[in-house]
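The values are calculated or read from the model by the stated rules, or taken from the named source; none is laboratory data. As the structure is a prediction and not an experimental result, all values here were calculated from the model. Positions of Cβ are backbone-derived with ideal geometry, glycine not excepted, and every protein chain shown enters the neighbour counts. These accessible areas exclude ligands, DNA and RNA; they are computed on the full protein's heavy atoms, side chains included. Shrake-Rupley method; radii C 1.70, N 1.55, O 1.52, S 1.80 Å.
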Amino acid sequence: MSNGVLVVGALNVDLVVAVDRLPGPGETVVGPRLDKFGGGKGANAAIAAARMNVPVRYCGAIGDDELGREALVELRASGVDVTDVAVLDDTATGTALIVVDAVGENQIAVAAGANAALTPTLVRRAVERASGWAGCVLVSTEILPAAVEAAVSTASDMGLRCVLNPAPVRNEFIASAHAASVLTPNSSELRDLCAALSIPFTDVGDASANVARATGACLVVTRGDKGAIVAYPDGTIEPVPALQVSDVRDTTGAGDTFNGVLAASLSSGMPLGAASALAVTAASLSVRHVGARTGMPIADEVNAAHV
């Protein structure tokens, strides 16, 4: 059985300032230092998946610059195949500016850079090449809508299970939402999906079920320290509790950890409910360190904590 994961999405370099509290509009808040970490939802999820001991390949774009070269070194060192990464000489590697407060909440602004130059042709070829070894394609939406559509539609055409992380939600992605196997919004993104699909939002459970019915895709709605909700197109709802963590330091990479571990688990043949529970455990463990990737757990840690 094919059990690899192809991840299509953005790669950024994260520049992080830790502060006592997040700034308000027009306000300056001072932190002691600037830290640099690898980031981007696609690259982060690829590393999270690789730490679950499955074959992982990442498809994305970087600039032909020092930040991009350092990013490739980190991906390779993490066990991620970078064969499908485009290196572009006319743009810079994507960069995220992140402020994290004392309880781990964050504010993020992103300069897309090379991520906005990832073409549908490059994505389509990567998915086609994955058909012989991948059990799941994971797609995030920090790239062009046409590239998202190419990834999801090609995965569907090739008979590959496709997880679409709609972060952010844009109207141009709604056709892709109908073609994906699984959608993984957080609670805010679920509201945005409801708005895009003209579905009234009452509560998370009803909204999840209604979006699943409307799109024909399963939904896994991540809810931070409340865990997740799994919704199926027949209207069935399955709550997934979170692992309680007392020493939260940074929530930046929790969603990416969740998506990477979910895709890795699904690629190995795990049912959606069980895969979601394992992914919630991994995401809960990831928030104990500053930096999107620093706290991403390895398979042994996830399995030991999972009950």
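Quick one: which residue in PHE201, PHE173 is of a type in the set (Phe, Trp, Tyr) and open to solvent by less than 40 Å² (accessible area, probe 1.4 Å)? Let's see the steps before the verdict.
Numbers: PHE201 fails: open to solvent by less than 40 Å² (accessible area, probe 1.4 Å).
Selected residue: PHE173, the only one of PHE201, PHE173 that is of a type in the set (Phe, Trp, Tyr) and open to solvent by less than 40 Å² (accessible area, probe 1.4 Å).
State whether one or more residues within region 121-135 are part of a strand (DSSP E or B) and either under 20 Å from ASN259 (Cα atoms) or touching a residue at least 60 places away in the same chain (Cβ under 8 Å) (or both). Lay out the reasoning, then the answer.
Kept after step one, since they are part of a strand (DSSP E or B), are these residues of region 121-135: 134-135.
This time we only want the ones that are either under 20 Å from ASN259 (Cα atoms) or touching a residue at least 60 places away in the same chain (Cβ under 8 Å) (or both), so: 134-135.
Yes.
Taking the condition over 23 Å from ALA167 (Cα atoms) and open to solvent by 20 Å² or more (accessible area, probe 1.4 Å), does GLY113 pass? Show your work before the answer.
Working: over 23 Å from ALA167 (Cα atoms): no; open to solvent by 20 Å² or more (accessible area, probe 1.4 Å): yes.
Considered against the rule, which asks whether it is over 23 Å from ALA167 (Cα atoms) and open to solvent by 20 Å² or more (accessible area, probe 1.4 Å), GLY113 comes out as no.
Can you tell me how many residues within region 250-286 are more than 18 Å from VAL230 (Cα to Cα), open to solvent by 10 Å² or more (accessible area, probe 1.4 Å) and within 15 Å of the chain's Cα centre (by Cα)?
So the first thing to find is which residues in region 250-286 are more than 18 Å from VAL230 (Cα to Cα), and the list is 250-253, 268, 285-286.
Right, trim to open to solvent by 10 Å² or more (accessible area, probe 1.4 Å) and you get 251-252, 268, 285.
Right, trim to within 15 Å of the chain's Cα centre (by Cα) and you get 251-252.
Of the residues in region 250-286, 2 are more than 18 Å from VAL230 (Cα to Cα), open to solvent by 10 Å² or more (accessible area, probe 1.4 Å) and within 15 Å of the chain's Cα centre (by Cα).
Among what's in region 219-247 and is part of a loop (DSSP other than H, G, I, E, B) and modelled with pLDDT of 90 or more, pick the residue that is farthest from ILE174 (Cα to Cα). Please lay out each step first, then the result.
So in region 219-247, the residues part of a loop (DSSP other than H, G, I, E, B) come out as 223, 227, 232-236, 241-247.
With modelled with pLDDT of 90 or more added as a condition, the list becomes 223, 227, 232-236, 241.
Details: ARG223: 22, GLY227: 25, TYR232: 18, PRO233: 16, ASP234: 20, GLY235: 20, THR236: 22, PRO241: 28 Å.
Step by step, filter region 219-247, then rank; the result is PRO241.
Please state which one of ALA279, ALA283, ALA195 is at negative phi, in contact with a Leu (Cβ under 9 Å, 6 or more places away or on another chain), modelled with pLDDT of 95 or more and outside any loop (DSSP other than H, G, I, E, B).
Values: ALA283 fails: modelled with pLDDT of 95 or more; ALA195 fails: in contact with a Leu (Cβ under 9 Å, 6 or more places away or on another chain).
Exactly one residue qualifies, and that residue is ALA279.
If only one of ALA45, ALA10 is assigned to a helix (DSSP H, G or I) and modelled with pLDDT of 95 or more, which one is it?
On the way: ALA10 fails: assigned to a helix (DSSP H, G or I).
None of the others qualify; the one that does is ALA45.
So which residues in region 144-168 are surrounded by 24 or more Cβ atoms within 10 Å (Cβ to Cβ), farther than 19 Å from GLY269 by Cβ and touching a strand residue (DSSP E or B) at 6+ places or on another chain (Cβ under 7 Å)?
VAL148, ALA151, VAL152, LEU164, ASN165, PRO166
(1) over 17 Å from the mean Cα position of the chain (by Cα); (2) open to solvent by less than 10 Å² (accessible area, probe 1.4 Å); (3) of a type outside the set (Phe, Trp, Tyr): which one isn't true of GLY60, the others all being true?
(1)
Inside region 20-56, can you point out the residues that are surrounded by fewer than 24 Cβ atoms within 10 Å (Cβ to Cβ) and of a type in the set (A, V, I, L, M)?
Across region 20-56, the qualifying residues are LEU22, VAL29, VAL30, LEU34, VAL54.
All but one of (1) free of Cβ contacts under 8 Å to residues at least 24 places away in the same chain; (2) more than 25 Å from ASN106 (Cβ to Cβ) hold for ALA207; which doesn't?
Going through the list (1) free of Cβ contacts under 8 Å to residues at least 24 places away in the same chain; (2) more than 25 Å from ASN106 (Cβ to Cβ), ALA207 breaks only (2).
Yes or no: VAL103 within 18 Å of the chain's Cα centre (by Cα), at pLDDT below 95 and not in a helix (DSSP H, G or I)?
On the way: within 18 Å of the chain's Cα centre (by Cα): no; at pLDDT below 95: yes; not in a helix (DSSP H, G or I): yes.
No, not satisfied.
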